[in-house]
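One structure is given here, and the rest of the page talks about it.
The values are calculated or read from the model by the stated rules, or taken from the named source; none is laboratory data. Bear in mind that the values here come from a model prediction, so they are computed numbers and not experimental data. Counting neighbours? That spans all protein chains shown, and the Cβs are built from the backbone with ideal geometry, glycine included.
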Amino acid sequence: MWLEKATNSLLNREGQPKGTPAIRASDVDPYFYGLSDEVLWKSLSGSPDPSIGELELSEIRPRFAMALDKMITRLVKEAPSSQSTTINVTRNALDITNVRGKIRIWIPPHHAEALTNLGSSLKVNAEEVDQTEAVQTLQNIVYALYSEVALEWDQESFSTMSQALIVQPTSHSQNAD
């Protein structure tokens, strides 16, 4: 049990330079009722913090969906190139800024790795990636994340996200006269 907690603690700290403080209390988004990181994820996925009621969780969900979409976008965009020779550790917790402040969003490591792998494959040669397959992969990951925390699927939001992340093929059919 303690090994699992220690491992999760290390996973959540990665990506932060040593000595970087956590989000300052004055910067925290108050509309998450003090929840953040893995505690927020667990509360939304069925193991709620005892201090939070179902009403508060239902208020948090739409805000969490927006922050989660930002995290998904960052993980895909900031993924290292698969041709990179450096050892990269997948981050599964990120500080997300919104209009009310910051919130630390955590997702299970296997989802973070899947998003990072998708981002890496898109960076190799975006023109050669099967667009339909990439969109389907992204949709599967996002749908799984939404399902785990009981978020309502938002097709419009997903379409906007997928268009921003997956390069649309360019047409080279213009003929020179």
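Data table
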| item | result |
| --- | --- |
| Any helices (runs of 4 or more DSSP H) falling wholly within the range 37-130 and containing at least 3 residues that are of a type in the set (A, V, I, L, M, F, W, C) and farther than 17 Å from Val149 by Cα | 109-124 |
| Filter result (part of a helix (DSSP H, G or I), of a type outside the set (A, V, I, L, M) and either surrounded by 12 or more Cβ atoms within 10 Å (Cβ to Cβ) or touching a residue at least 12 places away in the same chain (Cβ under 8 Å) (or both)) within the range 141-158 | Tyr143, Tyr146, Glu148, Ser157, Phe158 |
| Among (1) among the basic types (Lys, Arg); (2) touching a Pro at 6+ places or on another chain (Cβ under 9 Å); (3) modelled with pLDDT of 90 or more, the one test that Lys77 misses | (2) |
| Only one of Ile72, Ile52 that is more than 21 Å from Trp153 (Cβ to Cβ) and touching a helix residue (DSSP H, G or I) at 6+ places or on another chain (Cβ under 8 Å) | Ile52 |
| Verdict on Asp37 being at pLDDT below 90 and not aliphatic (A, V, I, L, M) | no |
| Candidate set: the range 19-34, residues that are surrounded by fewer than 17 Cβ atoms within 10 Å (Cβ to Cβ) and part of a helix (DSSP H, G or I); chosen: the one modelled with the lowest pLDDT | Ser26 |
| Residue tally, condition within 21 Å of Ser45 (Cβ to Cβ) and over 10 Å from the mean Cα position of the chain (by Cα), over the range 114-134 | 1 |
| Search result, residues across the range 33-63 that are aliphatic (A, V, I, L, M) and either within 18 Å of Arg104 (Cβ to Cβ) or touching a His at 6+ places or on another chain (Cβ under 9 Å) (or both) | Leu35, Val39, Leu40, Leu44, Ile52, Leu57, Ile60 |
| Residues within the range 107-123 that are touching a Pro at 6+ places or on another chain (Cβ under 9 Å) and of a type in the set (S, T, N, Q), tallied | 2 |
| Subset of the range 121-135 [among the polar types (S, T, N, Q) and either touching a helix residue (DSSP H, G or I) at 6+ places or on another chain (Cβ under 9 Å) or surrounded by fewer than 12 Cβ atoms within 10 Å (Cβ to Cβ) (or both)] | Ser121, Asn125, Thr132 |
